[in-house]
Amino acid sequence: MGAGGAQVVVTTDRFDDDLSALTDEYGFRVEEIFPADAPVTAVVSRDGTTLRLESGVPARPIELLLDVDAPRGPVRLPGGTRLAFTVGDTTVDVPPNRPTLAIRHLDDEATPGRAGMRYHDLVPDRWGGRFIASIISIPEGGPVADYVHFHRVRFQLIAVKRGWVRVVYEGQGEPFVMHAGDCIVQPPEIRHRVLEASPGLEVVEVTCPAEHVTVADWDHPLPDSPSPADREWSGQRFVRHVHADARWVPGRLDGWEACDTGVADGTGRYADVRLVRPSGHGRIGDDLLTFDGEFALVVVLTGCLHFVAEGRPAVLLTDGSSVAVPAGLPHRFLDPTDDCLLLLVVIPA
């Protein structure tokens, strides 16, 4: 039976030696070989990689990267093709934290990303690579060219700022729609897919670490069967907060109220995510406050207000503005409009 699909052509002037090395030492198997009496072409395969080894001059060697179980150095076949080896590693590398004050506004430039999405960076220096935060938009809306995938991360939050988006998640049953103010925690390596979005959709995404691997999973169909509510992925549960069901309680400062999204419980207290707004009762407090965690981000979902860091002039934050606040920096939020709604993401020390 012949080998189907695409083939990588390798021309070699050491055909017999290369074929022996590939099959005897590096785990390839012969799929086709011809002619039988004096072979000059062989199709060999390993773990989904198919090579068409052809005898010829001049040789055209290539480089192959092969997965192995234990580390080893690169080698060269007799005909010159280089074999390098990698050990499959799912470890999430989280760089040391390097916090800086970052104030961003939504009129800053956005860049194109995966599946037709546009990314507006909220933390340009990524705090040393430890965190990335973005407002992601899909200007045209409609079906999204996404596929079932997962992320190798420590933490990932999605919060809808404007519009709606239809998504499907591993273990959560049928697809569902997220509306403005809704948020979810995507536990590490949970399979999911974005299906459809309203025109002008905007979502806030916060992830640790900044650089992380997205892995397509073509063999896991979604939707799948619902999982038990207490199922965990790497110690975290899937968390879905529906803004229409929010329960508001007095906030940390006078004149504010907040709702708990359940993220702290779902992540084992790794992160705390709250929505905050003026209570409409009493004077807005102007006391200085500080965050003591390793990361704190405030995003204006609607309305506007002023941000004042100690020793700095006041900055007007409008719809889509954000502030990443280093631990220990005294600051305050003043003069919120009645429609002001803030997303607060804190990762404790």
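Where a number appears in this text, it was derived from the coordinates with a stated rule and is not lab data. Please read these numbers as outputs of a predicted model, since none were measured by experiment. Using ideal geometry, Cβ is built from the backbone for each residue, glycine included, and neighbour counts are taken over all protein chains shown.
To make sure I understand, if each residue's beta carbon is the centre and we count other beta carbons within 10 Å, what order do Leu51, Leu122, Leu66 fall in, fewest to most?
Final ranking by Cβ density, sparse to dense: Leu66, Leu51, Leu122.
Annotation for the range 116-216: GluC sites (Glu not before Pro) lying in DSSP loop with at most 15 further Cβ atoms inside 10 Å of their Cβ are Glu140, Glu211.
The calculated 222 nm mean residue ellipticity attributable to helices in the chain amounts to -1000 deg cm²/dmol, summing -39500 (n - 2.57) over DSSP H runs of n ≥ 4 and dividing by all residues.
Using the number of other C-beta atoms within 10 angstrom as an exposure proxy, rank His212, His179, His281 with the fewest first. Provide the component values of the computation, followed by the final result.
Working: His212 18, His179 14, His281 10.
Fewest to most other Cβ atoms nearby, the residues stand as His281, His179, His212.
Shown here for the range 217-271: chymotrypsin sites (Phe, Trp or Tyr not before Pro) in loop regions (DSSP other than H, G, I, E, B) with at most 10 other Cβ atoms within 10 Å, namely Trp218.
How long are the three semi-axes of the equivalent ellipsoid for the chain, computed from the Cα gyration tensor as the root of 5 times each eigenvalue, in whole Å, largest first?
Here the semi-axes work out to 52, 21, 18 Å.
For the range 102-239, the share of alpha carbon pairs falling in successive 10 Å distance bins from zero is 12, 43, 37, 8, 0 percent.
Give the average over all directions of the projected area of the C-alpha convex hull of the range 245-347, one decimal, in nm². Walk me through the numbers before you get to the answer.
Numbers: hull surface 25.5 nm².
Average of the hull's projected areas for the range 245-347 equals 6.4 nm².
Remark: the Leu195-Glu54 segment gains 46.3 nm on full extension, using 0.36 nm per residue and subtracting the alpha carbon distance.
The H on the amide N of Ala197, modeled in the peptide plane, is under 5 Å from the matching H of Gly142, Val144, Arg166, each at least 5 residues off or on a different chain. The convex hull drawn around the Cα atoms of the range 8-87, when projected onto a plane and averaged over every direction, covers 4.8 nm². Normalised by the number of residues in the chain, the average gap of Cα pairs under 8 Å and 6 or more apart makes the relative contact order 13 percent. Less than 5 angstrom separates the built amide H of Leu317 from those of Leu305, His306, Phe307, all sequence-distant by 5 or more or on a different chain.
Legend: ranking of residues Thr90, Thr337, Thr267 from fewest to most surrounding C-beta atoms inside 10 Å; resulting order Thr90, Thr337, Thr267. Database remark: amide H of Val239 closer than 5 angstrom to the amide H of Val185 (H placed geometrically; neighbours at sequence offset of 5 or more, or on other chains; Pro and chain starts carry no H).
Of the chymotrypsin sites (Phe, Trp or Tyr not before Pro) found in the range 81-189, the ones in coil according to DSSP and having at most 13 other Cβ atoms within 10 Å of their Cβ are Tyr147.
Given 0.36 nm per residue, what is the gain on full extension from Asp339 to Leu101 after removing their alpha carbon distance, in nm? All intermediate terms of the calculation are to be shown ahead of the outcome.
On the way: separation 238, 0.36 × 238 = 85.68 nm, distance 2.55 nm.
Extra length from Asp339 to Leu101 when fully extended: 83.1 nm.
Rounded to the nearest 10 degrees, the inclination of helix 15-24 to the longest alpha-carbon principal axis of the chain is 60 degrees.
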